[in-house]
Every structure is written in C-alpha cells, then in structure tokens.
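Trainee: One structure is given below, represented as structure tokens, and several questions about it will come after.
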Ligand SMILES: *[C@@H]1O[C@H](CO)[C@@H](O)[C@H](O)[C@H]1NC(C)=O
Ligand SMILES: *[C@@H]1O[C@H](CO)[C@@H](O)[C@H](O)[C@H]1NC(C)=O
C-alpha cells in the first residue's frame, strides 16, 4: 500500500476515442466469461500486519516494532503488537481460507522471528521456524498453496541500528543468508517465493518521505540507494536459489512490484504521453527494468542525471550498475508479482527548483484524479478498474509477457463503524477482476490473483483506521474475532465459477451476499452484548453501527440510482 503526494484534483475531459484499440468503447462494458483452467485464486497478508506476538517466543525487534512504538508516527499511536493475533490463530484462519476454497495463500516470513539479530551466524530461533513450518503444513493439508514473501518490510531492527539498513550494501549478504535458510527449511514444501514486497514503498516511504519505518528523510538520495541494494539483494537470492536449490526443489523466485497505472491526461499530447510513461518507468520500471533487462529505465537515468548535473553534483544521484552487475541482475525473475490498487492521470509539469531535489521532483510530472472516480476508503485509493487492464497490458508489452501473479488488489473502507455489507468492495472486486479477465483475453500471462487482504489488519502508518479485509476483525475484543463481510460470499462465487459465467448468475450473487451479511451484521452486533457486558463502549458501538448501516443503505440506494 502506498500514499500519494502532490495530487491535484481536476475536472477532466477525456473522450472515449483516446482509448487503445483493444479497449475501444469497452471501458465500462462487462465481459462474461471464465479464466483458463488452473487459474489460482488466493488472499494475502503480511507478518507485521497480522501476526502480533511481537516479542514472543524469542522473536527479535523489527524496524516496524521500533517505528510503531514511537509516539506520533502512526495514526492513533497504534502498533502491531497484537494486531490480529495471527500467530495464535493461524489454524482458524486456514479454516476460513478452506471455506472460501482458496487455491493459494500469500503470507510473509518475519526475518527477526527467525533470526532475532538479523544474522544467521548469531542465532537461529527454532520457535520461529516451527511457527512457519506449522502454518505451511496446515495449508498443504488443506490443499492451499503457500506463496511466501521473504521481505514484507520488517527488517531486523539491529541491522538498521548497527548498519543503516538498506542504505548499506552489506544487507545484500545478510538477506541472502536469511533467504537461503528459508529455502533450506521450507523449500521442500514452498514452491513460490517472492523476495521483496513493493520495493518502491520500502525505498520511497522508508528513506525519502519517512512515513514508513525506518522513518528516514534522505531526500533525493536515500530511496535510490535503498532501491539499488534491494535490487542487488533480490538478484543474489534468485541466483542462490537457481544454483543451490532449483534442481532439487523445482520452485520459482519472483519479486512483487506495486504500481498504479498512469494514464496521459490528453492522449493526443506527446508531452502527456511521455509524462505518463515516465510515471510508469519511475515506479514499475525502476525495479522491473533491472530484473528483466539489467539496468534502470533510460528515462530515469536521463532525468536524474540531468537534475544532479544542475545541482552541481559530479555523479548522478541514481547509482550505476557495473557491466558485471547488469548481467548478474538481468533475467532474475521467474514470475512477476503485481500489486495494483488505483490509477492516476498524468501530465507534464516542470518542477520549480525551489522544491529541492527529491524522487518526486525528479519525475517532472503532475498526478491528477478524476473527481467522479469513487474513493470509498484510503484517500489515495480511487476505484478505476480499466487502469488495471492497461497496466497488465503494459507489463506484457514492456517485459516480454512474463508470467504474472497478481499479489495484491483490493480496497479499504474508512467508515468508523462496522458494516459487513461492503457493497463498494463487491463492486471493486467484480470490476477489477473483470478487467483482469479482459487482460487475460488480450493475451497477458496472468496465472493467479490474490485479494488484499484476508483480514482487516495493521495498515502501516494508518494503524487500524483503514480496513482492507475480506474478514472484519474486532480489534477491541481480546480474542480478535473474525466476521465475514459480504465480499467473502461474492469472492467465493467468483472462485467457484472461475470467473463470471453469465449475467443471470452473476446478478444473483449480489443478492445472496447481501442476505448473508445481514445475518453477520446481527451476529456482530449481538456478540459484545452477550460476550462481555462490562464495557459501555461495546454497547454504544452497536447502536452507532445500526445508525451507520441505515446511513449506508441510504447512500447505497443513492449510488445505485446514479449507476443505472
Ligand atoms: C500519541 O502519543 C503522544 C505522546 O504520548 C500523545 O501526545 C498523543 O496525544 C497521542 N495521540 C493519540 C491520538 O492518542
Ligand atoms: C555497513 O555494514 C558493515 C557491516 O556489514 C559495517 O562494517 C559498516 O560500518 C556499515 N557501513 C555504514 C556506513 O554504516
């Protein structure tokens, strides 16, 4: 997940004739059809966002433990100390997945849970290994394929304190040691490995804006340096797998990149077209170009190089790969993980030099959003389904049609009360998955889809104020009970039909999901009353929620009337 800066809202006049050929007049039409046999359906999570048990059974501190414990960094001073208590409740959670008939579950391994100091030669935590071993076994017993992320942002805190984290190239070997240990311990059972989740966010939000751990603001330099080490670490781990494990374990190693789609404001204007391309190259291309072609996108080298020159720097702020590094990094991606949530319009804008150097000013562009786009949850997340299809086609044409697993796609809600009838999420999934289906028909090699996320969880700097889950988690209750939202039912239908078979059936899904969630809403409202009467807030909450549900119903009627 990421947040956005310098976003300007404008009323845009965009005519349909600007579409690519393959989307002509199809931006909003629905496509009935199914995915190829064997298409894999899943849901995702990450360690720090769900496990809790932050200091239990020998786990070391991660940069997120340290960051979240600093007051004032996270919305409402929230932490992931207990979160969903996934560490204790993984058996229940696998049960939820089984009930949904998921084909795969994407989760991450916490590096400091296994190596408390980050270093393999210092201490290996057997209890940490056992937790992941149990989880993997439980998944396999239930015929759910594990897709495992090795780095979902929780660097061991000691590596940050002692060595400066991803600013230091020694992380490459430390990460490789950790990955190698995971291949050794779990590689006979795990066949899909993701080295890094969303390195864009690690670099930009961790080392440029400081909104994420480790909270550094090394503007114009830190993000490029972190990314450089991350790309080399990814390549090293891929080579380790390739030379030491692949022949025995027969799995795959990929990387998961998250990017928005950037659409030119005026697709007849060459400068807008170039700006939108720059937007993509500075996000997706920053990492995809090295792992597919061995070097940064030409446009990044040009822009950052020129700006560095204007600042009087002798060298570009963008690090350079040596010829040996280029060939080492090139081709280190067995499959590409894709995270995608939203879209921006992009236009050319020369940044005034007073803003100082930063990743954002290096791009020379402005991001715009269309005010008619729905934005049900996080402020950056506008639902723009057609952007998903374009982004997938962009990947196909730019990187030689690689094997793609969608590793994150979903939408949050921001309403402060509980409504399990999440119609907006149903709409989001329905329309985004439908655009993915169109992309598959366009020939994009998408093999699987991962809904983000299985559970409501710790949403980074937003704490618990933004909920992405298919399942609602009652964080105020000690046992963190899970309740299915209506979208669980809907997603289940998509999975069991492997797509959208026909109009009549698809329309019946929404009705059935609605019936289901009314029951869940009642259950949720009743639980605190029955379970623990002691807290006044727990009586107030259902009352407030009843009001909210009424309000949402009115809103929904309004929306539906606008839609049809
Ligand atoms: C977060 O903690 C700081 C320091 O203790 C406090 O001043 C602030 O009010 C807290 N914020 C919230 C939303 O609780
Ligand atoms: C980078 O890490 C190494 C240990 O691997 C350490 O000796 C060195 O001082 C670190 N460099 C910086 C600039 O912190």
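Bear in mind these aren't lab numbers, they're just calculated from the coordinates by the rules spelled out. Remember, it's a predicted structure, so these values are computed and weren't measured experimentally. All Cβ positions, glycine included, derive from the backbone under ideal geometry; neighbour counts span all protein chains shown.
Trainee: Can you classify the stretch 226-319 as rounded, prolate or oblate using the Cα gyration tensor, where a ≥ b ≥ c are the square roots of its eigenvalues, rounded means a/c under 1.5, and otherwise it's prolate if a/b beats b/c and oblate if not?
Mentor: Oblate, since a/c reaches 1.5 and b/c is not below a/b.
Trainee: What shape does the stretch 318-387 have by the C-alpha gyration tensor, where a ≥ b ≥ c are the square roots of the eigenvalues, rounded means a/c under 1.5, and otherwise prolate means a/b greater than b/c and oblate the rest?
Mentor: Note, shape of the stretch 318-387 comes out oblate.
Trainee: Evaluate 2.2 N^0.38 Å with N set to the residue count of the chain, then give the Cα radius of gyration divided by it.
Mentor: 0.94
Trainee: To the nearest 0.05, how large is the calculated FRET efficiency for residue 502 and residue 397 if R₀ is 30 Å and r is the Cβ-Cβ distance?
Mentor: 0.45
Trainee: Using only Cα atoms, figure out Rg for the stretch 253-296 and give it as a multiple of 2.2 N^0.38 Å.
Mentor: 1.31
Trainee: Another one. For the stretch 322-443, what size does the Cα cloud have along each of its three principal axes, sorted from largest down, in whole Å?
Mentor: Extents along the principal axes: 55, 44, 25 Å.
Trainee: Same structure, new question: Per the helix-only calculation at 222 nm, which mean residue ellipticity applies to the chain, given -39500 (n - 2.57) for every DSSP H run of n ≥ 4 and division by its residues, nearest 500 deg cm²/dmol?
Mentor: So the calculated ellipticity at 222 nm is -13500 deg cm²/dmol.
Trainee: Using Cα centres only, tell me the gap between the stretch 125-169 and the stretch 428-483 in whole Å.
Mentor: 21 Å
Trainee: Okay, moving on. For residue 217 and residue 162, compute 0.36 nm times the residue count separating them, minus their Cα-Cα distance, and round to one decimal in nm.
Mentor: Gain in length upon complete extension: 18.0 nm.
Trainee: Turning to a different aspect of this structure: Which distance in Å, rounded to a whole number, links the C-alpha centroids of the stretch 190-220 and the stretch 314-337?
Mentor: 17 Å
Trainee: Expected output is a single nm value to one decimal: the length gained when fully extending between residue 173 and residue 373, i.e. 0.36 nm times separation in residues minus the C-alpha distance. What is it?
Mentor: Separation in residues times 0.36 nm, less the Cα-Cα distance, equals 67.6 nm.
Trainee: Sorting 152, 69 on the 10 Å Cβ count, fewest up front, what's the list?
Mentor: Ascending Cβ contact count within 10 Å gives the list 69, 152.
Trainee: Take the alpha-carbon centre of the stretch 221-241, take the same for the stretch 338-411, and report the distance between them in whole Å.
Mentor: The stretch 221-241 and the stretch 338-411 have Cα centres spaced 23 Å from each other.
Trainee: How would you rank 177, 461, going from fewest to most other Cβ atoms within 10 Å of each one's own Cβ?
Mentor: Fewest-to-most ranking of 177, 461: 177, 461.
Trainee: Which value, in nm² and rounded to one decimal, describes the direction-averaged projected area of the C-alpha convex hull of the stretch 85-216?
Mentor: Its average projected convex-hull area is 8.3 nm².
Trainee: Among 337-349, 464-476, what's the highest-first ranking by average C-beta atoms within 10 angstrom per residue?
Mentor: 337-349, 464-476
Trainee: Continuing with the same structure: Of the DSSP beta bridges with both residues in the chain, give the percent that are antiparallel, rounding to the nearest 5.
Mentor: 20 percent
Trainee: In addition: By count of other Cβ within 10 Å, fewest leading, how are 106, 425 ordered?
Mentor: So the ranking, lowest neighbour count to highest, is 425, 106.
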